[in-house]
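The values are calculated or read from the model by the stated rules, or taken from the named source; none is laboratory data. Note that the coordinates shown come from a computational prediction; the quantities given were computed from them, not determined experimentally. Neighbour counts are summed over all protein chains in view; Cβ atoms, including those assigned to glycine, are modelled from backbone coordinates with ideal geometry.
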Amino acid sequence: MLTSKQRAQLRSIATNLDTILQVGKNGIGAQLIQQTADALAARELIKMRVLETCEYTAREAAEQLAAETASEVVCVIGSRFVLYRRHPKKPVIELVK
């Protein structure tokens, strides 16, 4: 679990990130889950977007993807959300304690 201080640190880092994945009208399938897991393994912190044609809200999509990829939801703002999963062997982002 992330502390509020760690979430704030991750939110500040995420402001400069580009959206790399989108949840569209097909919803959340195996391919999107795999792409999300791969992106988290490479970057630890990713920003995603839910398109208007999707049946999920950004909060619902974020929570479902977080559960499927063993990650945590950092924040949800409008149609965008940020996920974080710490790399177990060599973390890219050093969090404050």
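The figures follow:
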{"item": "Which listed residue is of a type outside the set (Gly, Ala, Ser) and modelled with pLDDT under 95, from Leu95, Leu10, Leu83", "result": "Leu95"}
{"item": "One residue from Ala14, Ala61, Ala37 being surrounded by 14 or more Cβ atoms within 10 Å (Cβ to Cβ), touching a Gly at 6+ places or on another chain (Cβ under 9 Å) and touching a residue at least 24 places away in the same chain (Cβ under 8 Å)", "result": "Ala61"}
{"item": "Residues (more than 15 Å from Glu94 (Cα to Cα) and aliphatic (A, V, I, L, M)) located in the stretch 2-39", "result": "Leu17, Ile20, Leu21, Val23, Ile28, Ala30, Leu32, Ile33, Ala37, Ala39"}
{"item": "Residues within the stretch 64-97 that are under 16 Å from Asn16 (Cα atoms), free of Cβ contacts under 8 Å to residues at least 40 places away in the same chain and surrounded by fewer than 17 Cβ atoms within 10 Å (Cβ to Cβ), tallied", "result": "1"}
